[in-house]
Every structure is written in structure tokens, then in C-alpha cells.
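First comes the structure, then the notes that go with it.
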Amino acid sequence: MNMKQFLSIAGAAVLAAMVSIPNVGRSQTFSRAVVVMSGFVRSDESAKPTSVKVSIREVGDTAREITQSTSNKETGKYLVVLKPGKEYWVHLEGDSILTKDVMIDTPKIEQTQQLKRDFSVTMRETEEATKSSTTAQQN
């Protein structure tokens with residue numbers, strides 16, 4: 001794990017702890033209103049959690065990554081912090097999945113708000129799965 005990944009994971013953990021503390025006003029957590037988007041990434045075939053890079057890009061400037069997160073391989077959970085009232089592309093990518101892009105709109109808000117958004121992804125065929133299916137077809 002490199003330092004950037006460590007800081008990203010540590011920052012997400014601190015942020016998740018801050019936004020989940022009961023009885024704390026959302027405006028006290030951040031100096032400006034933000035949208036805390038979180039959810040789960042799962043295989044569309046098996047519904048099993050999967051680890052993917054969740055990259056956020058503004059609509060109109062898809063070449064520039066705004067922020068990113070990596071979903072947890074055990075739970076599939078991810079978390080990103082976005083500006084309110086914007087359109088974003090959520091770019092899901094990884095070695096084991098087919099790349100997927102989903103456009104989302106964040107709500108125009110005055111206070112920090114959580115947005116739950118789950119994603120399902122299509123798994124790539126692995127070499128072993130291809131060999132197994134080829135062997136089964138030959139028999």
C-alpha cells in the first residue's frame with residue numbers, strides 16, 4: 001500500500017466516523033455543505049462485494065479526476081465527498097470488472113447531506129472460468 005492509498009483510506013475512515021456521530025449537526029462537521037456519497041459495489045451476477053476504484057469526474061471535464069475511493073473488498077463499501085448542486089460521472093474500474101460510468105446529480109443543499117448510492121458491476125471472465133467452460137463444452 002502506498003502513502004496516497006493509506007491517506008485516502010485513513011481520511012475516509014475519519015470522515016465516516018465524523019458523519020456517523022449521532023446528535024452532531026451536519027453543519028458543524030464541515031465548514032461548507034457537502035454531499036457525502038456512500039454505498040456498496042457488488043457483482044451483478046452474484047451480488048458479492050467487490051473492490052473497484054470509484055473515480056469521480058465532473059460532467060464536461062471527464063479527463064480530470066476530482067476525487068476517488070476504493071471500495072472495500074470484503075464489504076464493497078465506498079465513500080466520497082462531493083460538492084452540492086453538481087453533475088458528476090462516477091467511473092468504476094478494476095482488473096476484475098468491466099468498466100462502468102454512471103452520471104449522478106448531487107442535490108442543491110444548505111447543510112451537509114448523505115447520499116446513498118449502490119452500484120452493480122459486471123465481472124470479467126477469468127482465465128480459469130474460460131478454461132472450465134471450454135472443458136465442459138468439450139466433454
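The values are calculated or read from the model by the stated rules, or taken from the named source; none is laboratory data. Source: prediction; values computed, not measured. Heads up, the Cβs are rebuilt from the backbone with ideal geometry, glycines too, and the neighbour counts pull from every protein chain shown.
Would you tally the residues in region 64-122 being part of a loop (DSSP other than H, G, I, E, B) and among the acidic types (Asp, Glu)? Quick ask: steps written out before the conclusion?
Step one: filter region 64-122 for residues part of a loop (DSSP other than H, G, I, E, B), giving 71-76, 83-86, 94-96, 98-99, 106-112, 117-118, 122.
Now narrow it down to the ones that are among the acidic types (Asp, Glu): 74, 95, 110, 118.
Number of matching residues: 4.
Restricting attention to region 17-41, which residues are at pLDDT 50 or above and either farther than 18 Å from Leu115 by Cβ or not in a strand (DSSP E or B) (or both)?
From region 17-41, those at pLDDT 50 or above are 29-41; that's our starting set.
Within region 17-41, Thr29, Phe30, Ser31, Arg32, Ala33, Val34 meet the criteria.
Applying the selection to region 36-56, what residues are closer than 13 Å to Glu93 by Cα and either surrounded by fewer than 17 Cβ atoms within 10 Å (Cβ to Cβ) or not aliphatic (A, V, I, L, M) (or both)?
Within region 36-56, the subset closer than 13 Å to Glu93 by Cα is 41-43, 50-56.
Matches in region 36-56: Arg42, Ser43, Thr50, Ser51, Lys53, Ser55.
Mind listing just one residue for me: the one in region 42-62 that is basic (Lys, Arg) and assigned to a strand (DSSP E or B) and, of those, nearest to Gly76 (Cα to Cα)? Outline the logic, then answer.
Narrowing region 42-62 to residues basic (Lys, Arg): 42, 48, 53, 57.
Still in the running and assigned to a strand (DSSP E or B): 42, 53, 57.
Numbers: Arg42: 6, Lys53: 11, Arg57: 21 Å.
That would be Arg42.
Quick one: how many residues across region 63-93 are buried (at least 18 other Cβ atoms within 10 Å of the Cβ) and on the phi > 0 side of the Ramachandran plot?
Summing the residues that are buried (at least 18 other Cβ atoms within 10 Å of the Cβ) and on the phi > 0 side of the Ramachandran plot in region 63-93 gives 1.
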